[in-house]
Ligand code: PGA
């Protein structure tokens, strides 16, 4: 099974999101080979859930609060997200950079997600980032490759995977300027289980062109 995670970041309004699915769903999905996980901004989760209810597509949050619930203005906790998403991206380099998220906070997010049956997709920028024991899905995203058009070579990604010393059965994703031209080179390795896709996930045709490589 290959994973295709779309990270829309702070993009799209409701109409644009629904149009995205109108186009994306016109094509046959490789259901038995691809796990498709769409991570839109929070307010779009429920209307998208309605839109994809008969499809084999999963939803993820782009983040999750370190607090389960309570008096934390602006936060969205695991208790709220439970039943809406199956996955949550945790520790994306943009969260680490712009919101100063550090290991102890990220590990708490993992604990809360797991407690409410939300599977973390834990992002690592390099070997220096620590991995929480409870994490099963890792996304390696070198900072210089994100949004730059300079995707990391397959060889370097595989080398880094070895350095991470992941536990057995970990799902290992690559992210950073993945597009329909470079995606197949990663998938030719059985060591890379899929992608976290930013820019190329914003266009339904571009994203489909990656998913169909599963
Ligand atoms: P990119 O973003 O595909 O635009 O490089 C990846 C990410 O930030 O998750």
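The values are calculated or read from the model by the stated rules, or taken from the named source; none is laboratory data. Source: prediction; values computed, not measured. FYI the Cβ positions are ideal-geometry reconstructions off the backbone, even for glycines, and counts take in every protein chain you see.
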Query raised in the report: Given (1) within 15 Å of the ligand (Cβ to nearest atom); (2) under 16 Å from residue 139 (Cβ atoms), where does residue 180 come up short, assuming only one miss?
Result: (2)
Report summary line: Pairing a residue in region 146-173 that is in a helix (DSSP H, G or I) with any residue that is surrounded by fewer than 17 Cβ atoms within 10 Å (Cβ to Cβ) and at pLDDT 95 or above, where Cβ atoms lie under 8 Å and the two sit 6 or more apart in sequence or on different chains, gives 154/185; 154/188; 154/189; 158/189; 158/191; 160/126; 161/191
Requested in this report: Just name the residue that is farthest from the ligand (Cβ to nearest atom) out of those in region 141-155 that are more than 18 Å from residue 9 (Cβ to Cβ) and surrounded by 14 or more Cβ atoms within 10 Å (Cβ to Cβ).
Outcome: 154
**Report entry** Conditions (1) under 22 Å from residue 87 (Cα atoms); (2) within 16 Å of the ligand (Cβ to nearest atom); number of the one not met by residue 169
**Finding:** (2)
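Is it the case that residue 16 is out of contact with any strand residue (DSSP E or B) (no Cβ under 9 Å at 6 or more places or on another chain) and either closer than 23 Å to residue 203 by Cβ or touching a residue at least 40 places away in the same chain (Cβ under 8 Å) (or both)?
yes
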**Report entry** Positions within region 174-208 being in contact with a helix residue (DSSP H, G or I) (Cβ under 7 Å, 6 or more places away or on another chain), free of Cβ contacts under 8 Å to residues at least 40 places away in the same chain and either assigned to a loop (DSSP other than H, G, I, E, B) or surrounded by 17 or more Cβ atoms within 10 Å (Cβ to Cβ) (or both), in sequence order
**Finding:** 174, 176, 177, 178, 179, 180, 183, 186, 189, 191, 192, 200
Query raised in the report: Which one of the conditions (1) surrounded by fewer than 21 Cβ atoms within 10 Å (Cβ to Cβ); (2) in contact with a helix residue (DSSP H, G or I) (Cβ under 8 Å, 6 or more places away or on another chain) does residue 41 fail to meet, given that it meets all the rest?
Result: (2)
